[in-house]
Amino acid sequence: MKDIRYRTIPPKDLERIRSLWEELIREAATRSVDFRYVYEDRKFEDRASELRKKADSGKIRIEIAEIEGNDLPVAYCVATVSGERAGEIDSILVDRNFRGRGIGSRLVAGALGWFDRERASPITIAVAEGNHEAFAFYEKFGFARRLVVMQRKER
């Protein structure tokens with residue numbers, strides 16, 4: 001297999017992660033018992049707009065992983081720092097065909113290093129309901145469950 005190349009991209013290039021983000025949403029919809037409709041109604045354009053607004057009021061870092069010689073990303077991580085210096089891993093996904101190779105770990109480590117340089121605190125990540133395997137992954141990086149947010153079902 002060819003080497004994986006990591007690089008950051010500017011917010012104007014968010015379109016490059018569209019297919020991966022759409023995979024993330026499909027996976028979340030499949031896992032979610034009570035809130036599938038939230039994910040099924042989600043559009044990339046809306047999420048990209050939200051991330052650009054966060055970038056306008058703070059800072060954003062978008063890192064992608066690509067196979068050398070192929071321009072299509074196989075993974076991405078979007079991280080933001082708010083104007084109040086709070087850090088958040090907003091979105092991350094590794095294509096299912098490339099999982100288990102350390103790509104996600106490398107992306108999270110890159111985001112955490114950036115948060116350190118930006119002196120961000122606290123640093124959070126939201127894990128969608130049903131994505132139980134994500135907890136052990138994030139715990140390796142020092143994340144712990146602080147609270148569980150419950151939401152009343154609308155449908």
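At a glance:
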item: Long-range neighbours under 6 Å by Cβ, at least six apart or interchain, first residue over 19 Å from E88 (Cα atoms) within the stretch 46-71, second part of a strand (DSSP E or B); result: A65/I4; A65/Y6; A65/V74; A65/A75; E66/R5; E66/P73; E68/R5
item: Candidate set from the stretch 1-13 (those that are at pLDDT below 95 and among the hydrophobic types (A, V, I, L, M, F, W, C)); member that is surrounded by the most Cβ atoms within 10 Å (Cβ to Cβ); result: I4
item: Tally, over the stretch 26-47, of residues that are touching a Lys or Arg at 6+ places or on another chain (Cβ under 8 Å) and at pLDDT 95 or above; result: 1
item: Failed item, numbered, when D71 is tested on (1) farther than 12 Å from I4 by Cα; (2) surrounded by fewer than 18 Cβ atoms within 10 Å (Cβ to Cβ); result: (1)
item: Criterion violated by Y138 - all others in (1) within 22 Å of Y39 (Cβ to Cβ); (2) loosely packed, with under 13 Cβ neighbours inside 10 Å satisfied; result: (2)
item: Number of positions in the stretch 101-126 that are loosely packed, with under 15 Cβ neighbours inside 10 Å and closer than 26 Å to P73 by Cα; result: 8
item: First in the stretch 1-14 and among the charged types (D, E, K, R), second anywhere and modelled with pLDDT under 95, Cβ under 7 Å, 6 or more apart; result: K2/I67; K2/E68; K2/G69; D3/E68; R5/E68
item: Residue that is nearest to the chain's Cα centre (by Cα) [pool: residues in the stretch 17-53 that are polar (S, T, N, Q) and farther than 20 Å from Q151 by Cα]; result: S19
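The values are calculated or read from the model by the stated rules, or taken from the named source; none is laboratory data. Please read these numbers as outputs of a predicted model, since none were measured by experiment. Ideal geometry is used to build each Cβ from the backbone, glycine not excepted, and the neighbour counts take in all protein chains shown.
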